[in-house]
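What follows is a single structure, written as structure tokens, with notes after it.
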Amino acid sequence: MYFKVANVSQLTGFDEIIDVRSPAEFAEDHVPGAINCPVLDDEERIRVGTLYKQVSPFAARKVGAALVAKNIARHIEERFHDRPKSWKPLIYCWRGGQRSGAMAIVLAQVGWNAHQLEGGYKAYRRQVLDELAERPTAFNFRVLCGPTGSGKSRLLEALEAAGHQVLDLERLASHRGSVLGLLPRQPQPSQKGFDSQLALQLRQLDPARPVYIEAESKKIGQVALPDALFQAMHRGECLRLEVPLAERVRFLLEDYDFYVAEPERLLEQLGFLKNVHSRAQLDSWAELVREGRFDQLVQELLEMHYDPLYHRSQGNHYQRLDQALDIRLSSLSPESLAATAAALPA
């Protein structure tokens, strides 16, 4: 063996982390910071796998070896040709088997200090799940509560800018956490991808300092929060934002301006409320959209949908909500939010 082996506790100290799995595997999830240099692309992987099942492992290896050799040569010529002799890469595939082994052998024979990740992505994924089951219990979460439109996400941004520790779950999920929360042209990550980024964020937080976080449901769009984090949030201290209804309407029209610009998208999303509200009510809201009466639409959605939903859910989950620090904001301007963030304990 010409290369060295590293385990999942040794993901730092390398000049580059190379994921040699197919682009589809890489897109679903990968070690944060890794680059994708597949030794078999998606079509090649299917071709070799089909040969393995339908003909024989030997036939598959013959074809696979030629493809892998060609792709490794291309990566060396196009990606690695300027790396110095001191370059120290870490290579991984699905299970730390033949794909990463082939790349590691060739790079090591060139003279680079190549390492293969023992157990591959599968071992890394197991480590992520273990971390997400344990690490959240170490933190003191300060949970921002408040009905839709009370500026919780913007206050998180202000807290982060002021130097507070923040865990912004909606940013990680690329979703604002409601039926209208899907962001335009920003697809959500896969569950595995969300888990990886969440684990990375948690590693960077100091348990000795409080962490500000927004109250969320178990699912944010299509991704789910790990149980340990969800439970730790519900045990956390609560801060309750109170904002006048008119200011919430103004803020939401500003924050969701893409729906005003694309009313058909808004009508499509409102259709997902069909199991919650009557056909007549949905038709009434659709008419407001078509007439451009967005102020009235937002106020009715708050009063008839979001606020009742908020009041039903919060009291059932957050154990310390009755002890919450009330934060009354007449304005959700950047200046007001910055002043509020500066006044909160770090």
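Conditions (1) within 23 Å of VAL5 (Cβ to Cβ); (2) in contact with a Gly (Cβ under 9 Å, 6 or more places away or on another chain), marked per residue:
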{"site": "GLN54", "(1), (2)": "no, no"}
{"site": "ARG79", "(1), (2)": "yes, no"}
{"site": "MET103", "(1), (2)": "yes, no"}
{"site": "TRP112", "(1), (2)": "yes, no"}
{"site": "LEU117", "(1), (2)": "yes, yes"}
{"site": "LYS122", "(1), (2)": "yes, yes"}
{"site": "GLU134", "(1), (2)": "no, no"}
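Yes or no: ARG320 within 25 Å of the chain's Cα centre (by Cα), surrounded by fewer than 16 Cβ atoms within 10 Å (Cβ to Cβ) and farther than 16 Å from THR148 by Cα? Criteria not met by ARG320. Any idea which residue in the range 145-183 is nearest to LEU301 (Cα to Cα), counting only those that are touching a Ser or Thr at 6+ places or on another chain (Cβ under 8 Å) and polar (S, T, N, Q)? Applying the filter and picking the extreme gives THR148. Could you please let me know if GLN296 is more than 30 Å from the chain's Cα centre (by Cα), open to solvent by 60 Å² or more (accessible area, probe 1.4 Å), of a type outside the set (D, E, K, R) and within 30 Å of ASP227 (Cβ to Cβ)? It is false that GLN296 is more than 30 Å from the chain's Cα centre (by Cα), open to solvent by 60 Å² or more (accessible area, probe 1.4 Å), of a type outside the set (D, E, K, R) and within 30 Å of ASP227 (Cβ to Cβ).
Quick check: is even one residue across the range 258-275 in contact (Cβ under 8 Å) with a residue 24 or more places away in the chain, open to solvent by less than 40 Å² (accessible area, probe 1.4 Å) and under 29 Å from ILE327 (Cβ atoms)? There is at least one residue in the range 258-275 that is in contact (Cβ under 8 Å) with a residue 24 or more places away in the chain, open to solvent by less than 40 Å² (accessible area, probe 1.4 Å) and under 29 Å from ILE327 (Cβ atoms). Just to be sure before I move on: is GLU157 of a type in the set (Asp, Glu), buried (at least 17 other Cβ atoms within 10 Å of the Cβ) and closer than 20 Å to ALA339 by Cβ in the structure I sent? Yes; evaluated as a whole, the condition is true for this residue.
Of the set (1) among the charged types (D, E, K, R); (2) open to solvent by 80 Å² or more (accessible area, probe 1.4 Å); (3) touching a strand residue (DSSP E or B) at 6+ places or on another chain (Cβ under 8 Å), all apply to GLU242 but (2).
Among residues of the range 117-146 that are under 30 Å from ALA346 (Cα atoms), those with a Cβ under 9 angstrom from a residue that is basic (Lys, Arg) and open to solvent by less than 40 Å² (accessible area, probe 1.4 Å), sequence gap 6+ or separate chain, pair up as LEU144/LYS152; CYS145/LYS152; GLY146/LYS152.
Each residue in the range 281-293 was checked for being within 16 Å of LEU253 (Cα to Cα) and surrounded by 16 or more Cβ atoms within 10 Å (Cβ to Cβ), and 3 pass. Scanning the range 25-73 for residues that are open to solvent by 40 Å² or more (accessible area, probe 1.4 Å) and either within 30 Å of LEU200 (Cβ to Cβ) or assigned to a loop (DSSP other than H, G, I, E, B) (or both) turns up ALA27, GLU28, HIS30, GLY33, ASP41, ASP42, ARG45, VAL55. Tell me whether the range 284-300 contains one or more residues that are under 21 Å from VAL143 (Cα atoms), outside any helix (DSSP H, G or I) and modelled with pLDDT of 95 or more. Looking through the range 284-300, none of the residues is under 21 Å from VAL143 (Cα atoms), outside any helix (DSSP H, G or I) and modelled with pLDDT of 95 or more.
The values are calculated or read from the model by the stated rules, or taken from the named source; none is laboratory data. What you are looking at is a predicted structure, and each value in this text was computed from that prediction instead of being measured. Heads up, the Cβs are rebuilt from the backbone with ideal geometry, glycines too, and the neighbour counts pull from every protein chain shown. For the accessible areas, the whole protein counts, side chains as well, though only heavy atoms, and no ligand, DNA or RNA atoms are used. Shrake-Rupley method; radii C 1.70, N 1.55, O 1.52, S 1.80 Å.
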